[in-house]
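Read-outs throughout are calculated quantities, based only on the coordinates presented, and are distinct from any laboratory measurement. Just so you know, these numbers come straight off a predicted model, no measurement behind them. Reconstructed Cβ throughout: ideal geometry from the backbone, glycine too, with neighbour counts over all protein chains shown.
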Amino acid sequence: MTSVEQPVELAKPRAAERRRLPRPSLRGNWWRHLVALAAVAFALLPLAYVVSASFNVDSSLSGSSLIPRAVTLQNFRDIFHDPNPEHDTRYFTWYGNSYLIAGIAAVLNVILGALAAYAFSRFRFRGRRMGMLALLLIQMFPAFLALVAMYLILLRTGDVFPTLGLNSRPALIMVFLGGAMGVNAWLMKGFFDTIPSELDESARVDGATPAQIFWGVILPLAAPVLAVVGIITFVFLLNEFIITSALLQTADKFTLPVGLRTYINQQYAELWGPFAAGAVLAAVPVAIIVMAFQRFFVRGLTAGAVKG
């Protein structure tokens with residue numbers, strides 16, 4: 001009995017020693033914490049300034065400061081009920097347009113990117129490597145370089161199909177789908193490579209078709225990277241301004257970035273207070289979504305680096 005109990009008794013102090021490891025000292029790492037705090041302050045300063053401007057009684061840019069002189073909620077009231085008819089305030093319409101366009105485009109981007117990533121990851125065909133390289137090289141050119149071409153294409157298309165012409169939300173979604181394959185396909189392809197191919201083979205033995213393998217086996221296992229790509233695409237499209245401002249031309253079709261610009265592009269009146277208030281309200285749902293899916297970010301961004 002003693003020979004059996006002795007290792008157990010010796011293991012208890014070792015486990016206790018592991019739990020009582022000394023805390024790392026700040027004596028040699030203080031500068032790292034200082035740099036981290038400076039980086040956090042630098043990142044939060046613009047956010048703090050916008051939040052302060054949204055509650056500031058002075059809505060001009062010159063009167064705005066990090067600490068408001070007087071706090072008011074009038075800026076939030078003005079974005080919903082602005083007495084000035086020149087501003088044409090339709091905040092709820094802009095809000096709905098932004099989330100509708102960005103949400104549909106993000107979902108379709110994820111589906112198209114996943115289809116491309118699955119083909120590059122599982123199939124072997126001629127031109128596979130050059131195709132992946134071409135997708136990556138195309139992403140080096142910003143999308144607004146093709147703005148004139150997009151405008152002319154939608155202008156001519158609208159004569160035949162008005163739904164896909166200028167000042168159309170479906171047409172803007174179709175334009176956003178042009179960047180579906182690229183970095184997203186590369187990111188998802190790296191994640192698909194980590195999924196064992198034996199799962200495909202076992203499903204194929206059971207009689208599953210390639211489509212059934214993709215929708216029933218691969219996609220459920222790739223949920224982390226799909227969530228990451230979807231959220232990144234959603235936030236990017238929600239903040240897109242250059243292409244949206246050129247293709248949407250009436251106030252009832254504006255998205256939030258284009259609509260809120262009407263507050264600060266006046267010749268004699270630039271209302272930075274309502275502009276900041278609208279930006280704060282627009283950022284709240286995005287922050288909630290990112291926090292809710294935060295656990296997917298680490299898994300989705302790091303799993304694809306294990307096997308390339």
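Where in region 206-297 are there chymotrypsin sites (Phe, Trp or Tyr not before Pro) that are in a DSSP coil and have at most 15 other Cβ atoms within 10 angstrom of their Cβ?
Values: sites: 214, 215, 234, 236, 241, 254, 263, 268, 272, 275, 293, 296, 297; in loops: 241, 254, 268, 293.
In loop regions of region 206-297 (DSSP not H, G, I, E or B), the sparsely surrounded chymotrypsin sites (Phe, Trp or Tyr not before Pro) are 241, 268, 293.
Just to confirm the filter: which chymotrypsin sites (Phe, Trp or Tyr not before Pro) across region 99-177 are DSSP coil and have at most 16 other Cβ within 10 angstrom of their Cβ? Don't skip to the end; give the middle numbers.
Values: sites: 99, 118, 120, 123, 125, 144, 151, 176; in loops: 123, 125.
Within region 99-177, the qualifying chymotrypsin sites (Phe, Trp or Tyr not before Pro) (loop, at most 16 other Cβ atoms within 10 Å) are 123, 125.
Report the percentage of all Cα-Cα pairs in region 133-247 whose separation exceeds 26 Å, rounded to a whole percent.
Numbers: 2589 of 6555 pairs.
Value for region 133-247: 39 percent of Cα pairs lie more than 26 Å apart.
For region 87-184, which trypsin sites (Lys or Arg not before Pro) are in a loop by DSSP, counting at most 11 other Cβ atoms within 10 Å?
On the way: sites: 90, 122, 124, 126, 128, 129, 156; in loops: 90, 124, 126.
Answer in residue order: 124, 126.
I'd like the distance separating the alpha-carbon centroids of region 135-204 and region 217-279, in whole Å.
Region 135-204 and region 217-279 have Cα centres separated by 18 Å.
How much length is gained if the chain between residue 100 and residue 155 is pulled fully straight, taking 0.36 nm per residue apart and subtracting their Cα-Cα distance, in nm to one decimal? It would help to have the intermediate numbers written out before the result.
On the way: separation 55, 0.36 × 55 = 19.80 nm, distance 2.28 nm.
Gain on extension, residue 100 to residue 155, equals 17.5 nm.
Based on Cβ point charges of +1 for Lys and Arg and -1 for Asp and Glu, what charge dipole magnitude is obtained for region 65-183 about its Cα centre, in debye rounded to the nearest 20?
860
Taking 0.36 nm per intervening residue step and subtracting the Cα-Cα distance, what contour gain separates residue 70 from residue 130 on full extension? Don't jump to the answer; show the numbers that get you there.
Values: separation 60, 0.36 × 60 = 21.60 nm, distance 6.02 nm.
Going from the current span to full extension adds 15.6 nm.
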